[in-house]
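Colleague: Submitted below is the structure of interest, expressed as structure tokens.
The values are calculated or read from the model by the stated rules, or taken from the named source; none is laboratory data. Keep in mind that what you see is a predicted model, and the values were worked out from it rather than measured. Quick reminder, even Gly has a Cβ in these numbers, built from the backbone with ideal geometry, and neighbours come from all protein chains shown. We work out accessible area using only protein heavy atoms, side chains counted, and drop any ligands, DNA or RNA first. Shrake-Rupley method; radii C 1.70, N 1.55, O 1.52, S 1.80 Å.
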Amino acid sequence: MSSRIPTPRRLPPLWLIPALWTLGLGLWGLSRQDSLWRDEAATWQVALRSAAEIRLMLGHVDAVHGLYYLLMHGLFNWFGPTTTALRLPSVLAMAVAAACVTAIGERLAGRWAGLGAGMALCLLPAAQFYLQEGRPYALVAAGAGVSTLLLVTLLGGRGRWGCWAAYAGTVLVCALLNWFSLLILPAHAATLAWSGAGRRVWARWTVASAAAVAGALPLVLYTSGQSRQVSWIPPLTWHMMIGPAVLLAIGGLGALVDRPGGRRLSVASVGLPLLAVPQLGLAAVSLGKPLFLDRYVLFSLLGLALLIGSLLGAAVRAVAPRFPAASRWLVPVVLACSVAALLPQSLAKRSPSSRVDDVLAMAADVRRMKEPGTAVVFLPGARRDARLVSPEAFTGLRDIALARSPRASGTLNGVEAAPARIREAMLAQRRILLVTDAPGAARPENGRREKAKAAVLKDYFTVIEDQRVRGRRVTLYERN
């Protein structure tokens, strides 16, 4: 009688757990109560244009997001314009980023460090914010995770030229989504130096990096001529650096705990440069031109997650000799406590009030307040995004300030007439519906057109009804 030796049961890959966890968090409250804020409204209305109209617009504005807009154009054509189609790519991308962080942490510091890093990533407040955002920043984070995993694989001696080509291609795609992601290259260079990479590795990394930069350089140079669209970013102040300083302090603690012996590849040599270099690099650039926004370096949070995982892994190793059974529950318990502690913030991130405004919230008031013959004025003209996203609510309203439509002019919000023409058109109306920002939702615009609109309404019209909802304001005026 022969006896069969039981084959060991294969466990699913560890990265699958954080990937599914992130996917679940992303799908939870994905519609944000059917709200849509101004940045996502830009994605929405551009994605509804034809490919030719998008190319025309990129010649004037927002070329930095051109690849992303074309991607969303394809998704809207395939699945239809819905908040799910708008935000699901970010959810899937952040799940990929969590999987990559898990794989890196497991390879460099063990299973508990990998699991802790992957689960911690999507609990970070900024990650939860952009996890459900119809913008390209989560996609860049996914690319950063893939490129960093490829680099770790190559430094471990397990990759060939195909991996270097994939590395260069991933960095290039990220740069085409947002070229601030090129700040990952000096971070990876710091990892090479810290881990004691040989000249051969340095040479191949230099070739791959140069290829990625060369591919992105035309976009970088072209979009530098469109820098006016980020002129609203405030100058860098010490207060703006408090958040990055806290992150760097946490990351530094994780790096100290890791304590690799000698110059070798470790969580510290990968995670700390990935966290610190993009943050400090963007701050340095912002000293010359204000550009410091946390979303531009969202991918640096992958480094923070790795270092948090390192802390958790070290805690498990410290507890295991004396309490082996309890050590298995340490990471799950810490994560459960973190989820409970962050639950109020998680709920807040999924509410319409988590964003500066809601483009769709005013639609019901516009429908109720409009009547035949009423004109509509947007102040500033960028608030025309409400009409572009919900055109049915504005049916029958005459946009009297608009000279050329957004699609015809190749712009985001259209081209308005000269201030004198706007004033003349407004004075010819009996009733005007004004769509603007609620106080505190945005800095007041002081352009000539904005001043002309405000002056006419103040001097010649009386307020009949005024409604404010989720960062937007709808006011009905009647001629004196």
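Colleague: With respect to residue 424, determine if the residue is modelled with pLDDT of 95 or more, of a type outside the set (S, T, N, Q) and at negative phi.
Modeller: Working: modelled with pLDDT of 95 or more: yes; of a type outside the set (S, T, N, Q): yes; at negative phi: yes.
Judged against the criteria, residue 424 is a match.
Colleague: May I ask you to list the residues in segment 144-182 that are within 23 Å of residue 279 (Cα to Cα) and in contact with a Ser or Thr (Cβ under 8 Å, 6 or more places away or on another chain)?
Modeller: Within segment 144-182, 144, 146, 147, 150, 151, 167, 168, 170, 171, 174, 175, 179 qualify.
Colleague: Is it the case, given these coordinates, that residue 478 is under 33 Å from the mean Cα position of the chain (by Cα) and among the acidic types (Asp, Glu)? If you could, list the steps in order and put the result at the bottom.
Modeller: Details: under 33 Å from the mean Cα position of the chain (by Cα): no; among the acidic types (Asp, Glu): yes.
Here the answer is no, as residue 478 does not meet what is asked.
Colleague: Turning to a different aspect of this structure: With aliphatic (A, V, I, L, M), more than 18 Å from residue 46 (Cβ to Cβ), surrounded by fewer than 19 Cβ atoms within 10 Å (Cβ to Cβ) and at pLDDT below 95 as the only criterion, which of 126, 165 stands out?
Modeller: Details: 165 fails: at pLDDT below 95.
On inspection, the qualifying residue turns out to be 126.
Colleague: Another question about this same structure. Of the residues 271, 251, which single one is at pLDDT below 80, open to solvent by less than 20 Å² (accessible area, probe 1.4 Å), within 24 Å of residue 191 (Cβ to Cβ) and not in a loop (DSSP other than H, G, I, E, B)? Please lay out each step first, then the result.
Modeller: Details: 271 fails: at pLDDT below 80.
Checking each option against the conditions leaves just 251.
Colleague: Tell me, please, whether a residue that is in contact with a Pro (Cβ under 6 Å, 6 or more places away or on another chain) and among the polar types (S, T, N, Q) can be found in segment 186-202.
Modeller: Here is the first cut: in segment 186-202, the residues in contact with a Pro (Cβ under 6 Å, 6 or more places away or on another chain) are 187, 190-191.
The next check asks that each one be among the polar types (S, T, N, Q); those that pass are 191.
Looking through segment 186-202, at least one residue is in contact with a Pro (Cβ under 6 Å, 6 or more places away or on another chain) and among the polar types (S, T, N, Q).
Colleague: I want to confirm something. Restricting to segment 82-122 and keeping residues that are under 17 Å from residue 170 (Cα atoms) and among the β-branched types (Val, Ile, Thr), which single residue is surrounded by the most Cβ atoms within 10 Å (Cβ to Cβ)?
Modeller: Among those residues, the one meeting the criterion is 101.
Colleague: Filter segment 398-416 for residues that are out of contact with any Gly (no Cβ under 9 Å at 6 or more places or on another chain) and modelled with pLDDT under 95 and give the result.
Modeller: Initial filter on segment 398-416 (out of contact with any Gly (no Cβ under 9 Å at 6 or more places or on another chain)): 400, 409, 411-412.
Result: 409, 411, 412.
Colleague: Assuming residue 158 fulfils every condition listed in (1) without any contact (Cβ under 8 Å) to a residue 24 or more places away in the chain; (2) of a type outside the set (A, V, I, L, M); (3) crowded, with 24+ Cβ neighbours inside 10 Å apart from one, which condition is it?
Modeller: (3)
Colleague: Now a separate question. Pairs only if they're at least six apart or on different chains, beta carbon under 6 angstrom, first in segment 184-207 and in contact (Cβ under 8 Å) with a residue 24 or more places away in the chain, second part of a helix (DSSP H, G or I) and small (Gly, Ala, Ser); list them, first residue then second.
Modeller: 184/144; 185/209; 191/269; 194/269; 195/269
Colleague: What residue, among those in segment 401-422 that are open to solvent by less than 30 Å² (accessible area, probe 1.4 Å) and closer than 12 Å to residue 453 by Cα, is nearest to the chain's Cα centre (by Cα)?
Modeller: Filtering segment 401-422 for residues that are open to solvent by less than 30 Å² (accessible area, probe 1.4 Å) and closer than 12 Å to residue 453 by Cα, the one nearest to the chain's Cα centre (by Cα) comes out as 416.
Colleague: Here is a follow-up. State the number of residues belonging to segment 120-168 that are part of a helix (DSSP H, G or I) and either closer than 18 Å to residue 304 by Cα or touching a Pro at 6+ places or on another chain (Cβ under 7 Å) (or both). Break it down stepwise before answering.
Modeller: Filtering segment 120-168 down to residues part of a helix (DSSP H, G or I) leaves 120-121, 125-131, 137-155, 161-168.
Subset that is either closer than 18 Å to residue 304 by Cα or touching a Pro at 6+ places or on another chain (Cβ under 7 Å) (or both): 120-121, 125-131, 137-149, 151-152.
Residues that pass the stated criteria total 24.
Colleague: Which is modelled with pLDDT of 90 or more, of a type in the set (Lys, Arg) and in contact with a helix residue (DSSP H, G or I) (Cβ under 7 Å, 6 or more places away or on another chain), of 350, 355, 367? Steps first, answer last, please.
Modeller: Numbers: 350 fails: in contact with a helix residue (DSSP H, G or I) (Cβ under 7 Å, 6 or more places away or on another chain); 355 fails: in contact with a helix residue (DSSP H, G or I) (Cβ under 7 Å, 6 or more places away or on another chain).
The conditions single out 367.
Colleague: Also, I was wondering about something else. Restricting to strands (runs of 3 or more DSSP E) lying wholly in segment 390-480: which have 3 or more residues that are in contact (Cβ under 8 Å) with a residue 24 or more places away in the chain? Spell out how you get there, then give the answer.
Modeller: Details: elements: 402-404, 431-437, 461-469, 472-479.
The qualifying strands (runs of 3 or more DSSP E) are 431-437, 461-469, 472-479.
Colleague: Go through segment 211-231 and give me each residue that's closer than 19 Å to residue 160 by Cβ and open to solvent by 50 Å² or more (accessible area, probe 1.4 Å). Before you say what the answer is, go through the steps one by one.
Modeller: Residues of segment 211-231 that are closer than 19 Å to residue 160 by Cβ, as a first pass: 211-212.
211, the sole residue that qualifies.
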